[in-house]
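The values are calculated or read from the model by the stated rules, or taken from the named source; none is laboratory data. What you see is a predicted model; the values in this text were computed from it and never measured. Virtual Cβ from ideal backbone geometry, glycine too; neighbours counted across all protein chains shown. For the accessible areas, the whole protein counts, side chains as well, though only heavy atoms, and no ligand, DNA or RNA atoms are used. Shrake-Rupley method; radii C 1.70, N 1.55, O 1.52, S 1.80 Å.
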Amino acid sequence: MSEPSFKGVNYSIRPSKTIQRGLVFEGLRALREDLDWTKASYVGMGSIWFTDFVLAHKALGLSRMVSIEGHPIGFRRAVFNKPYSFVRMKEGLTYNVIPSLYEDEVRFPNNPAIVWLDYDEGINEAKLDEIRYVVESATDDSVLLVTFNANEHHYGIDPSERIETVRELFGNLVPQRIKGSRVTGLRLGNTLADLTEDVIRSRSLKVRKPNPCVPAFRLVYQDSATMVTVGAVFPRADRHSAIKRRVNGRAWVGRPSDPVIAPHLTSKEASVLQANLPLRSTLTRGDVRKLGFDLEEEQIRAFSNFYRHYPTFAQVVS
Amino acid sequence: MEQISTADANASRAFFVRMLTRDISVEDCILDLMDNSVDSAWKKLGKKPLTFTAGPDFSETRIDLKFDNESFCITDNCGGMSQESAEKHALTFGRKDDDPEDSGEFSIGVYGIGLKRAVFKIGTQIEIRSTYQTGTSRKSFAVPIDVNEWVKDPSNDWEFPIVTADALKNDGLAIEVKGLTPLAVFTFSDPEFEGTLVRTIARDYALHLHRGLKVYVNGERVKGEEFKLYLSEEFSPQYVKWTEEVDDKEVNVEIVAGFAFPPPSDNNPSDRRDREEKSGWYVACNGRIVMAADKSALTVWGDDFPAWHPQYTGFLGLIAFTSEHTELLPLTTTKRSVDLSSIVYRRSRPKMKEPTRAWITYTNNRKVDQLAAEVIEQQATRESIFAVKPQAQLAVPQISKTRARETIIQFPMAKERITALGGAFGSVRMSAREVGLKAFNYSYDELVSGDE
């Protein structure tokens, strides 16, 4: 029997991705207090929706922005849909555009940049090269974020194939013995998150020796696909301890311990739940039933953890 | 002439420490400490020679390595060093003239420069603790070294204190280092270091690990490199052994050679770089691999012989020299390369070229019908070098041309598209060549066949 439709996924609405984005920007807003972003740029892959660009401008006040789009039709649509005049569109693959920003431009490499490589596909050698490039080129007070797909089939048809792929990609970062369960399902996301973080840390140690990066973001989230976001801050040397303190503090939201798997709720359910969330205790299944409907335990927990970033959607039918 | 002054020829201690630790990596220092432990264990086991097919039983021997960005520790149960040894040999600088000759002992480590160099390289607060058997009793001592204080001491006697200590759990050594040097902090903080060290140990001590040696790095047991070679009716690895004599002294030599991976299917050198990295010649001296995966003139490649080419990827040759006369082994002072001037090594190199030549010829020959070659190669199973049977030559099949006139189709294509199409055909790990072939046959079946 296939999944009941109330558990199914509407591709155009991705609540977990929205929550993830909310957590990342909440983290960036906090980091802004310790770093100097007066001349910082935001570099991303806005597509035609530019959701993160709007957030970057509203929440962080950034007005130097670069969006990268490789598809020719997508590019023209993106230019048309730019939310602000100061968003610079660059046509091409990140593999080429990112180095050109650092090597061919004058102002860009001299100021911090928040670079979010937001890929739809799985991680591969080319993307790891890009990550290493940004780590090597990052100016003080920059942030690097990487998002990629952690679905099994991108890495092999069975655990032993996936282990081979992981070994090829991450080399000596992978232990001699690794169980098949670590490259299966949601755990594959965790494994890839840890290894990608290690790549960033290892490269940053080698190139920024006395002042390596501070790993700050690590989120595994799932709508239809399992996705991973990892990120690090490259603070100026005298800001290193302040950043470390912030990221390791209890209030830091950038490294949730559980994967973000948001339940799909109707707006009525979401509003009612939100209005009844207790301040100090946790919402139980019994509470939800008393409110008139029902949810699974993990769904209740996910909502309670992330309700502040929960998307509210209205479907416009015209 | 009148003497007007004196030039102080005594090197300062600080200068000495700097010079001593200059040209060696933290990783090689750790391997030096391991050599010492393994050597001690070997002595305890009667110093029997360690070859591909025979050797002492190391299963009771255990070495633990633990490190983080604040401390380093190596512990073993290899019998420890005696107080007399510490007083007179192990913790002096270089060996004193009255040291006994190293005859009758198959060793690779030397309690000479290695121990001091290693601990000075890693940190400044050092403690070397030993528990050992002497006659009927069990004794212990420790040698604490505070390098910062020690370098300030102006006395001409370069001594370390030996103090009483509690016994260790097992008879052996425990070396603990704190106050890490900046380089050690940097090395141990790198997420890649632990994996690199584990793999180096797995490879360099493969023969010992096969004989049961237990090595733990930060709690994880190291699995020895297995060196498996392909075996079938058509392919058999070479395994030969002989004895070289130099001035009435004997050195036993063994060669095992074959292929560990199938030859590359594409002309893409970037594919399976890891396999190419593992291919080449390995040289072992008294059981420890001192040179790994060599593709240079240090072994056979280049000079009057073909230079390495990625086409030869898959070839694995191992040559092991065993002797109680360590001075005859082709070891360099770093123990990480081969001494080209060694007589025994010079005599053995022509023999290394034989199986290499057989492999080169095969990889050229198989181009005649690569598909047929792959079928034969895929029928072979992989067997450990430790179970290899004597065989005078590397056996390879002769591929002959049986198929219709063929032309190579070759064109560049974005890697991501190849991966995606491979996934559609059944596996994202399919080689570019396989994907191309499947794409051709798929299109052919769709558009052409039915007309035949």
Q: Per residue of B:218-224, count partner chain C-beta atoms within 10 Å of its C-beta, then hand back the mean as an integer.
A: 1
**Q.** Percent of alpha-carbon pairs separated by more than 15 Å within segment B:388-441
**A.** 62
Q) Which aspartates and glutamates have a Cα less than 19 Å from the Cα of A:K39, not counting those fewer than 8 places away in the same chain? A) A:D52, A:E103, A:D104, A:E105, A:D140, A:D141, A:D238
Q: Just report the Cα centroid separation between segment B:1-64 and segment A:70-98, whole Å.
A: 59
Q: With +1 on each Lys and Arg Cβ and -1 on each Asp and Glu Cβ, and nothing else charged, work out how big the dipole of segment B:325-402 is about its Cα centre, in Debye to the nearest 20.
A: 260
Q: Could you work out how far helix A:94-104 tilts from the main Cα principal axis of chain A, as a 0 to 90 degree angle to the nearest 10?
A: 40
Q: Would you mind working out the magnitude of the charge dipole of chain B relative to its Cα centre, with +1 at each Lys and Arg C-beta and -1 at each Asp and Glu C-beta, to the nearest 20 Debye?
A: 880
Q. Over all residues in A:169-180, what is the mean tally of Cβ atoms on other chains that come within 10 Å of each residue's Cβ?
A. 4
Q: Return the inverse of the average 1/r over all pairs of distinct C-alpha atoms in chain A, which is the Kirkwood hydrodynamic radius, in Å to one decimal.
A: 20.9
Q. Using a cut-off of 12 Å between alpha-carbon atoms, which aspartates and glutamates can reach A:K209, once sequence neighbours fewer than 8 places away in the same chain are excluded?
A. A:E136, B:D190
Q. Normalised by the residues of chain A, what does the relative contact order come to in percent, with Cα pairs under 8 Å and at least six apart?
A. 18
Q: Using only the alpha-carbon atoms of segment A:128-212, report the extent along each of the three principal axes, biggest first, to the nearest angstrom.
A: 41, 24, 17
(Q) Of B:H208, A:A30, B:V185, which is farthest towards the positive pole of the protein assembly as shown's charge dipole, taken about the Cα centre with +1 and -1 on the beta-carbons of Lys, Arg and Asp, Glu respectively? (A) A:A30
(Q) Against the empirical 2.2 N^0.38 Å scaling, what ratio does the C-alpha Rg of segment B:235-302 come to? (A) 1.40
Q: May I ask you to evaluate 6.51 cos²θ - 1.76 cosθ + 1.60, the Karplus curve with θ = phi - 60°, for each residue of segment B:176-190 and list the ³J(HN,Hα) values in order in whole Hz, giving x for glycine and proline?
A: 10, 10, 10, x, 4, 5, x, 5, 5, 4, 4, 5, 6, 7, 6
**Q.** Positive dipole terminus of segment A:1-139, leading residue within A:H71, A:W49, A:A138 (C-beta point charges)
**A.** A:W49
Q. Add -39500 (n - 2.57) for each DSSP H run of 4 or more in the protein assembly as shown, then divide by its residues: what number comes out at 222 nm, to the nearest 500 deg cm²/dmol?
A. -10500 deg cm²/dmol
Q. Cα-Cα over 27 Å: which of B:K249/B:K351; B:K351/B:K389; B:K169/B:K223; B:K116/B:K335; B:K178/B:K295?
A. B:K178/B:K295
Q: With the convex hull built on the Cα atoms of chain B, state its orientation-averaged projected area in nm².
A: 30.9
Q | Dipole magnitude of segment A:130-260 about its Cα centre (Cβ charges: Lys, Arg +1; Asp, Glu -1), debye to nearest 20 | A | 720
Q. Short version: ³J(HN,Hα) in whole Hz for each residue of segment B:56-62, in order, from phi by Karplus 6.51 cos²θ - 1.76 cosθ + 1.60 (θ = phi - 60°), x for Gly and Pro, what are they?
A. x, 8, 8, 5, 8, 8, 9
Q: Output ³J(HN,Hα) for segment A:160-177: one whole-Hz value per residue in order, computed from phi by the Karplus curve 6.51 cos²θ - 1.76 cosθ + 1.60 with θ = phi - 60°, and x for Gly and Pro.
A: 5, 5, 5, 5, 4, 4, 4, 5, 5, 6, 10, x, 6, 6, 8, x, 4, 10
Q | Dimensionless Rg/Rh of the protein assembly as shown - Kirkwood Rh, Rg from C-alpha atoms | A | 1.03
Q) Just how much of A:E152 is accessible, in Å², when a 1.4 Å probe is used and the result is rounded to the nearest 10? A) 60
Q: Would you work out which of A:G122, B:A167, B:Q83 lies farthest towards the positive end of the dipole of the protein assembly as shown, given +1 charges on the beta-carbon of Lys and Arg and -1 on that of Asp and Glu, about the Cα centre?
A: A:G122
Q. Could you give the distance between the Cα centres of segment A:240-318 and segment B:273-349, to the whole Å?
A. 61
Q. DSSP beta bridges in the protein assembly as shown, what fraction antiparallel, as a percent rounded to 5?
A. 70
Q) Counting other Cβ atoms within 10 Å, which trypsin sites (Lys or Arg not before Pro) in segment A:74-119 have at most 16 and lie in a DSSP loop? A) A:R107
